[in-house]
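The values are calculated or read from the model by the stated rules, or taken from the named source; none is laboratory data. It should be emphasised that the depicted structure is a prediction, and the values quoted were computed from it without experimental measurement. No Cβ is skipped: glycine too gets one built from the backbone with ideal geometry, and neighbour counts run over all protein chains shown. Just the protein is used for accessible areas: all its heavy atoms, side chains included, with ligands, DNA and RNA removed. Shrake-Rupley method; radii C 1.70, N 1.55, O 1.52, S 1.80 Å.
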Amino acid sequence: MPIPPELVGILRNHLDRYGVGDDGRLFRTRTSGVISGSAYAKIWKEARTYALAPDQVASPLAARPYDLRHASVSLWLNAGVHGPEAAERAGHGVDVMLRVYAKCIDGQREIANQRIEGALAS
């Protein structure tokens, strides 16, 4: 996933301070083991309380880490990134992209009409 430069800096600082495990994992237990799903869910739940307003914490917003990926892809598509490009960035095939995310595209009809009219006028 492409990330903003500010997050790249945070990630680099984390790598400089903690490194990675022998298997290349970024996050691991104190003994370099794999973090269990239940531990990860507990940490995620707590992190939401720091990152979100109380009414957002009570909502399903970013309930799972995967929701952030879904939000990113939806944002890209609504920003006008073409499906094949968004699919490649997300590691999807275009068929998956259209099946899963087509319902998330909103407010694009007027822009599409303008593009069609512009193409026909050329």
(request) Would you tally the residues in region 97-122 being open to solvent by 40 Å² or more (accessible area, probe 1.4 Å), assigned to a helix (DSSP H, G or I) and of a type outside the set (Gly, Ala, Ser)? (result) 13
(request) Could you list all residues from region 25-63 that are assigned to a loop (DSSP other than H, G, I, E, B), open to solvent by less than 50 Å² (accessible area, probe 1.4 Å) and out of contact with any helix residue (DSSP H, G or I) (no Cβ under 9 Å at 6 or more places or on another chain)? (result) 33, 52, 53, 59
(request) May I ask you to list the residues in region 71-96 that are of a type outside the set (A, V, I, L, M), more than 18 Å from residue 4 (Cβ to Cβ), in a helix (DSSP H, G or I) and open to solvent by less than 60 Å² (accessible area, probe 1.4 Å)? (result) 83
